[in-house]
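Student: What follows is a single structure, and I will ask about it in a moment.
The values are calculated or read from the model by the stated rules, or taken from the named source; none is laboratory data. Here the structure is a predicted model, which means the values were calculated and not measured. Cβ sites come from the backbone with ideal geometry, for glycine too, and all protein chains shown count toward neighbours. The area values use the complete protein model at the heavy-atom level, side chains included, leaving out ligands, DNA and RNA. Shrake-Rupley method; radii C 1.70, N 1.55, O 1.52, S 1.80 Å.
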Amino acid sequence: MTSLGQRLDALGLRHTSEHLDDLIALAQKRRLGAREIIEHVVDIEEQDRSRRSLERRTTRSRIGRFKPISDYDWTWPKRIERDRVESAVRLDFLAEHRNIVLVAPQGLGKTMIAQNIAHQAVLAGHSVLFVTAAQLLLDLGAQESARGLDRRLRFYAGVALLVIDEVGYLGFDTRNADLLFQVVSRRYEKKSLIMTTNLAFKEWPTIFPNATCATALIDRVIHHADVLAIEGDSFRLREAEARRDKPAMNPNP
């Protein structure tokens, strides 16, 4: 015969199934009534489903490892609008489907900031996907049929928050520019987008030298966007110089 635990699991009450003996012992110890037992089961199932949902969203987001925003050295950049960055981390832009564009030279933490924003969105219950521009276009370009391409475009258009990292590090041919344009267009005024780039917008046509959609792409990205520019020297360069200047330890004092 099917055990009670298996029947609970079949009903989707996984946590209760896994901890059935503990639940029975708790009910006996506290002399819980029927209503109290049911309320306790509902509470623990809600908590467990919330935990598993967060784990799934975190895994699917592909954010990867990152430093928390509390570790960011706000004093290092020569220019950064801290209040606007912190507003983005609070997700103030999401309700209005606004975009965030982080513009900074390499090594100033724009990817780290984008990861922190994405992580907060995951914690808030939103579906998130973090992907580099190269990964995105490689995926779309690999689709062998119009139906397959449309399916992937709908996937990228469907997540609540899409983060496209490292726009501008590689040049794109006309097909890749058109693919990126389609992703941006499908999300335009519907869902938020975060982009990180090392180039000012006036330099974006150099990324898409032969693409007729470059101007339209830029227009859709920045129309409803908070553009957060960071200026200064690379954190990584500073850390490398600090390691170089640090006296070597003498193993035989």
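Student: Using only the alpha carbons, work out the radius of gyration and Dmax of segment 1-151 in angstrom.
Tutor: Reported Rg and Dmax, both Å: 22.8, 71.
Student: Moving to a separate point now. Do you know the relative contact order of the chain, to the nearest whole percent, from alpha carbon pairs under 8 angstrom that are 6+ apart?
Tutor: Over the chain, the number comes to 25 percent.
Student: Points 7 angstrom from Cα along the Cβ direction at Lys29 and Ala142: gap in nanometres?
Tutor: 5.1
Student: With unit charges on the beta carbon (Lys/Arg positive, Asp/Glu negative), name the residue among Phe66, Val163, Ala10 whose Cα is farthest towards the positive pole of the charge dipole of the chain.
Tutor: Result: Ala10, furthest along the dipole toward the positive end.
Student: Okay, moving on. What's the local net charge at His40, with K and R +1, D and E -1, over the other residues with C-beta under 12 Å away?
Tutor: So the environment of His40 carries a net charge of -4.
Student: Which one of Val184, Val122, Val41 has the biggest mean-square fluctuation once the chain is modelled by GNM with Cα springs under 10 Å?
Tutor: It is Val41.
Student: Same structure, new question: I need the phi-derived Karplus couplings for segment 219-229: 6.51 cos²θ - 1.76 cosθ + 1.60, θ = phi - 60°, integer Hz, Gly and Pro marked x.
Tutor: For segment 219-229, the Karplus curve yields 4, 6, 5, 8, 4, 10, 10, 9, 8, 10, 9 Hz.
Student: What is the local net charge at Gly141, summed over the other residues whose Cβ is closer than 13 Å to its Cβ (Lys, Arg +1; Asp, Glu -1)?
Tutor: -2
Student: Which lysines have a Cα lying under 27 Å from the Cα of Lys78, excluding residues fewer than 8 positions away in the same chain?
Tutor: Straight-line reach from Lys78, under 27 Å: Lys67, Lys110, Lys202, Lys246.
Student: Follow-up. Amide H of Val227 versus every other amide H placed in the peptide plane: which residues, excluding those fewer than 5 positions away on the same chain, fall under 5 Å?
Tutor: Placed amide hydrogens put Val101 under 5 Å from Val227.
Student: Per-residue HN-Hα couplings for segment 120-135, Karplus 6.51 cos²θ - 1.76 cosθ + 1.60 at θ = phi - 60°, whole Hz, x for Gly and Pro?
Tutor: Once θ is set to phi - 60°, the couplings for segment 120-135 become 5, 5, 4, 4, 7, x, 8, 7, 9, 9, 10, 8, 6, 4, 5, 5 Hz.
Student: Could you work out [θ]222 nm for the chain from helices alone, using -39500 (n - 2.57) per DSSP H run of at least four and dividing by all its residues? Round to the nearest 500 deg cm²/dmol.
Tutor: The helix contribution divided over the chain gives -16000 deg cm²/dmol.
Student: Classify segment 117-162 from the C-alpha gyration tensor, please: rounded if a/c falls under 1.5, else prolate or oblate depending on whether a/b exceeds b/c.
Tutor: oblate
Student: Another one. If we count every other residue with Cβ under 14 angstrom of Gly125's Cβ, Lys/Arg +1 and Asp/Glu -1, where does the sum land?
Tutor: +4
Student: Tabulate in residue order the Karplus-calculated ³J(HN,Hα) for segment 196-207, using 6.51 cos²θ - 1.76 cosθ + 1.60 with θ = phi - 60°, rounded to whole Hz; enter x for Gly and Pro.
Tutor: Using θ = phi - 60°, the values come out as 10, 8, 9, 10, 5, 4, 5, 9, 4, x, 6, 6 Hz.
Student: If you take the charge dipole of the chain about its Cα centre, with +1 on Lys and Arg Cβ and -1 on Asp and Glu Cβ, which of Leu138, Ala25, His40 is farthest toward its positive end?
Tutor: Projecting each Cα onto the dipole axis, the largest value belongs to Ala25.
Student: Quick one: which residues, 5+ away or cross-chain, put their amide H under 5 Å from the amide H of Ile63? H built at 1.01 Å from N.
Tutor: Amide H neighbours of Ile63, under 5 Å, 5+ apart: Phe130.
Student: Rounded, prolate or oblate: pick one for segment 136-186, where a ≥ b ≥ c are the square roots of the eigenvalues of its C-alpha gyration tensor, a/c under 1.5 means rounded, and failing that, prolate if a/b is larger than b/c, else oblate.
Tutor: Since a/c reaches 1.5 but b/c is at least a/b, the shape of segment 136-186 is classed as oblate.
Student: Rank these residues by their accessible area, most exposed first, probe 1.4 Å: Lys191, Lys202, Lys78, Lys110.
Tutor: Of Lys191, Lys202, Lys78, Lys110, the descending order of accessible area is Lys202, Lys78, Lys191, Lys110.
Student: Let me ask something additional. Given Cα pairs under 8 Å that are at least 6 residues apart, what percent is the relative contact order of segment 1-127?
Tutor: Relative contact order for segment 1-127 comes out at 25 percent.
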